[in-house]
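A.B. asks: Once you've had a glance at the structure underneath, I'll fire off some questions.
The values are calculated or read from the model by the stated rules, or taken from the named source; none is laboratory data. Everything quoted here is computed from the prediction, not taken from an experiment. All Cβ positions, even for glycine, are placed from backbone atoms using ideal geometry, and neighbour counts span all protein chains on display.
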Amino acid sequence: MKFPWQLRIGLFLIGSILLLAIAAPLIAPFDPTAIQLENRFQPPGSTNWFGTDQNGVDVLSQILYGAQVSLAIALSVVSITLFVGLLLGSVAGFGGGLYDQLLMRFVDMIFGFPGFLLILAIVAVLQEASVPNMIFALCLTGWASYARLVRGEILHLKEKEHVLNALALGLPKWRILVFHIWPNLIGPLVIQASFGLAVTIITESSLSFLGLGVSPKTPTWGSLLGAGRQYLIEAPHLSFFPGLFIVLLVLGFNLLGDGLRETLDPKK
Amino acid sequence: MTYFFRRLTSLIPVMFGVVTITFFLIHMIPGDPVDIMLGDYTSQADRAALRKELGLDQPLFAQYKNYLWRSLHLDFGRSLQSQKPVFKEILDRVPATFELGLAALLLAAFVGIPLGVAAAIKKNTWLDQLILVIGSLGLSFPSLWSGPLLIWLFAIELDWLPIGERESWDSLILPSVSLSIGLIALLMRMTRSSMLDVMKEDYMSVARAKGLPAYKIYFLHGLTNAIIPVLTLLGLMLGALLTGTVIVETIFDWPGIGLLLYQSIQNRDYPLVQGCVLFVSVIYLFANFFTDLAYGYFNPKIRLES
């Protein structure tokens, strides 16, 4: 079977960055917190491949460790929202009735809100910028798209022969849901999760960029980019490299989503 | 007309929800909001005065009722920083954001739609592939990177354009380019797939069989039909545009609502934060509402079915 190029390049980009993040303690050339003021604003060179920042800290090492934070936040947010969306959407689609009506109204409301703005306001109001707070804010609105997707798919699957047969046999509803409906949702959910990861990484980076992300002591790609913005004249490399990694990772997830859609769902 | 009213009534619960959520924002502050807003070095009297002004001395339900009532009358309180009414502060910033958003939208339309049409006409050629690749890159290119890069290249290295700051007409160029990159990619993809659908239709074969010139086939018969689904994207794009302005305006020091929101967060000016979030959300809701109306107008099937 030939996989589309998007899938291959996407997996390659994600895989490489994931490896770099996991191996950060082994391969990072310097300590990402070691301040060396005499080494400020070194341009990229043979000792510091990506140069050094305003405190003389090695940028490459910060990027490698920052990858851990960005990836960990994105993966937790997408797993939590996917799980919540799957549960709520399943009950709405399969159960129907008043609960379905209420939930979908609520989902409409979340879609009616410009999501980033709400997340921004919540993070700003929570004061303490920490990883759990960040994950909390990103999860608040994220589940809605999965719930809507799952509900839609289930409404469609409910009419399918194999589900009707299972119902006629008198199988318990949860069994039908778990064994006869959920397996059919894997494709669409994986595609959505892939795009979800791309969006979450951009959102998290944007918040960190504005200085509202995880505490400044933990470098993330967004906060590196945000700090570098003030030194565009003397050290443009501070803006270049962290942004490059954001784009490569987001591109990886977007391509993966496109490739999966082409592989799993040829009719689109 | 019934469609209009039905859509309008469905707007009300969402509006209500938006107001409720912004109300609770101030109550999500851990600890005493007055302490956090004023800092440690203020007198008891000042604190009590602010508490009273924000209505925090009243029971929660009374506060909520009050907030609803005042929001209906466009009274969002006073900015802690400037002491001016929040609504006035926001209105002062509307023209800048409007200008930036419109420029980005026009740019996206004039670049994205023709490229999408070209990709559809030349389907499966190198041109189509190239446009697709550019599309994927564009969607993954957030303004938090394109902004600094554009400033570095065009304002610092080449010194061709000003950074932003809304002083002359050319200061609009860099921020709107930065804001429109993602939108161009989105419009391009949507136009391509919509155009491909339309090209399968019988009337396109008829147009070809009549021997019409290519531009008439594709633009007069093709694009006018293909544009309808693209229009629905407009609502979605407006959301991206409105949230994108926070980042872009901050990077380019563009004095719009996005920058106001950023500054008010920095200053812990929570009434202003609340006002900005509410204002932008309501604009967003109405934009979606009008998009739906336009969609219903262009496609009567939707209007009659739903």
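A.B. asks: Which helices (runs of 4 or more DSSP H) does the range B:126-200 wholly contain that include 3 or more residues that are closer than 30 Å to B:GLY222 by Cα?
C.D. replies: Because the criterion is at least 3 residues that are closer than 30 Å to B:GLY222 by Cα, the helices (runs of 4 or more DSSP H) in the range B:126-200 that meet it are B:126-139, B:173-199.
A.B. asks: Which numbered condition in (1) within 14 Å of chain A (Cβ to nearest Cβ); (2) within 30 Å of B:TYR284 (Cβ to Cβ) is the only one that B:GLY39 fails?
C.D. replies: Status for B:GLY39: all satisfied but (2).
A.B. asks: What is the number of the single condition among (1) buried (at least 22 other Cβ atoms within 10 Å of the Cβ); (2) touching a Gly at 6+ places or on another chain (Cβ under 9 Å); (3) over 21 Å from B:SER140 (Cβ atoms); (4) within 14 Å of chain B (Cβ to nearest Cβ) that A:ARG151 does not meet?
C.D. replies: Only one criterion in (1) buried (at least 22 other Cβ atoms within 10 Å of the Cβ); (2) touching a Gly at 6+ places or on another chain (Cβ under 9 Å); (3) over 21 Å from B:SER140 (Cβ atoms); (4) within 14 Å of chain B (Cβ to nearest Cβ) is unmet by A:ARG151, namely (4).
A.B. asks: Does B:ILE173 count as at pLDDT 80 or above and aliphatic (A, V, I, L, M)?
C.D. replies: The answer is yes for B:ILE173.
A.B. asks: Moving on. Quickly run through the range A:170-223 and pick out the residues that are crowded, with 24+ Cβ neighbours inside 10 Å and either free of Cβ contacts under 8 Å to residues at least 12 places away in the same chain or among the charged types (D, E, K, R) (or both).
C.D. replies: Across the range A:170-223, the qualifying residue is only A:GLU204.
A.B. asks: State yes or no: is A:GLY213 facing chain B (nearest Cβ under 9 Å), among the small types (Gly, Ala, Ser) and either assigned to a helix (DSSP H, G or I) or more than 22 Å from A:SER16 (Cα to Cα) (or both)?
C.D. replies: no
A.B. asks: Quick test for you: out of A:PRO219, A:PRO242, A:PRO183, A:PRO266, pick the one residue that is modelled with pLDDT of 85 or more and more than 14 Å from every other protein chain (Cβ to nearest Cβ).
C.D. replies: Within the list A:PRO219, A:PRO242, A:PRO183, A:PRO266, the selection yields A:PRO183.
A.B. asks: For A:PRO32, are the conditions met, namely being over 30 Å from B:LEU242 (Cβ atoms) and either in contact (Cβ under 8 Å) with a residue 24 or more places away in the chain or surrounded by 15 or more Cβ atoms within 10 Å (Cβ to Cβ) (or both)?
C.D. replies: yes
A.B. asks: Next question, about the same structure. Can you go through B:GLY147, B:GLY112, B:GLY116, B:GLY135 and tell me which one is more than 30 Å from A:PRO242 (Cα to Cα) and within 24 Å of the chain's Cα centre (by Cα)?
C.D. replies: Among B:GLY147, B:GLY112, B:GLY116, B:GLY135, only B:GLY116 is more than 30 Å from A:PRO242 (Cα to Cα) and within 24 Å of the chain's Cα centre (by Cα).
A.B. asks: Only residues that are of a type in the set (D, E, K, R) and outside any helix (DSSP H, G or I): list them for the range A:7-35, please.
C.D. replies: Residue satisfying the conditions is A:ASP31 alone.
A.B. asks: Quick check: anything in the range B:210-229 within 26 Å of B:GLY147 (Cα to Cα) and in contact (Cβ under 8 Å) with a residue 12 or more places away in the chain?
C.D. replies: The answer is no, given that none of the residues of the range B:210-229 is within 26 Å of B:GLY147 (Cα to Cα) and in contact (Cβ under 8 Å) with a residue 12 or more places away in the chain.
A.B. asks: So which of A:PHE136, A:PHE195 is within 30 Å of A:GLU262 (Cα to Cα) and not acidic (Asp, Glu)?
C.D. replies: Going through A:PHE136, A:PHE195 in turn, the sole match is A:PHE195.
A.B. asks: Just to be sure, is A:GLY226 more than 7 Å from chain B (Cβ to nearest Cβ) and out of contact with any Ser or Thr (no Cβ under 6 Å at 6 or more places or on another chain)?
C.D. replies: Criteria met by A:GLY226.
A.B. asks: Regarding B:VAL86, is this residue modelled with pLDDT of 85 or more, more than 19 Å from the chain's Cα centre (by Cα) and under 27 Å from B:THR245 (Cα atoms)?
C.D. replies: In short, yes.
A.B. asks: Can you name every one of the helices (runs of 4 or more DSSP H) wholly within the range A:46-132 that holds 2 or more residues which are free of Cβ contacts under 8 Å to residues at least 60 places away in the same chain and closer than 25 Å to A:ILE154 by Cα?
C.D. replies: Ranges flagged: A:59-90, A:97-112.
A.B. asks: With the requirement that a residue be touching a helix residue (DSSP H, G or I) at 6+ places or on another chain (Cβ under 7 Å) and hydroxyl-bearing (Ser, Thr, Tyr), what does the range B:245-298 give you?
C.D. replies: B:THR245, B:THR250, B:TYR262, B:SER264, B:TYR270, B:SER281, B:TYR284, B:THR291, B:TYR295 - these are the residues of the range B:245-298 that are touching a helix residue (DSSP H, G or I) at 6+ places or on another chain (Cβ under 7 Å) and hydroxyl-bearing (Ser, Thr, Tyr).
Residue by residue, here is whether (1) charged (D, E, K, R); (2) within 14 Å of chain A (Cβ to nearest Cβ) holds:
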position	(1), (2)
B:PHE16	no, yes
B:PHE24	no, yes
B:ASP35	yes, yes
B:LEU56	no, no
B:ASP92	yes, no
B:PHE110	no, no
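A.B. asks: Let me ask something else. Can you find even one residue in the range B:232-254 that is hydroxyl-bearing (Ser, Thr, Tyr) and modelled with pLDDT of 90 or more?
C.D. replies: Yes: the range B:232-254 contains one or more residues that are hydroxyl-bearing (Ser, Thr, Tyr) and modelled with pLDDT of 90 or more.
A.B. asks: A:LYS160 is checked against (1) within 27 Å of the chain's Cα centre (by Cα); (2) surrounded by fewer than 19 Cβ atoms within 10 Å (Cβ to Cβ); (3) of a type in the set (Lys, Arg) and fails just one. What number does that condition carry?
C.D. replies: For A:LYS160, the exception is condition (1).
A.B. asks: Still on this structure: Quick one: which of A:ARG261, A:ARG229 is surrounded by fewer than 21 Cβ atoms within 10 Å (Cβ to Cβ), charged (D, E, K, R) and either touching a strand residue (DSSP E or B) at 6+ places or on another chain (Cβ under 6 Å) or in a helix (DSSP H, G or I) (or both)?
C.D. replies: On inspection, the qualifying residue turns out to be A:ARG229.
A.B. asks: Say we look at the range B:206-215 and pick out the residues that are assigned to a helix (DSSP H, G or I) and more than 22 Å from B:SER193 (Cβ to Cβ); which of these is farthest from the chain's Cα centre (by Cα)?
C.D. replies: By that ranking, first place goes to B:ALA209.
To keep it simple, each residue is scored yes or no on (1) away from chain A (no Cβ under 12 Å); (2) within 12 Å of the chain's Cα centre (by Cα); (3) buried (at least 22 other Cβ atoms within 10 Å of the Cβ).
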position	(1), (2), (3)
B:MET204	yes, no, no
B:ILE217	yes, no, no
B:THR224	yes, no, no
B:LEU234	yes, yes, no
B:PRO255	yes, no, no
B:LEU260	yes, no, yes
B:ILE265	no, no, yes
B:GLY296	yes, no, no
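A.B. asks: Consider only pairs whose beta carbons are under 9 Å apart and that are at least six residues apart or on different chains; among these, list those whose first residue lies in the range B:124-153 and is more than 9 Å from chain A (Cβ to nearest Cβ) and farther than 16 Å from A:VAL250 by Cα and whose second residue is outside any helix (DSSP H, G or I) and aliphatic (A, V, I, L, M).
C.D. replies: B:LEU150/B:LEU161
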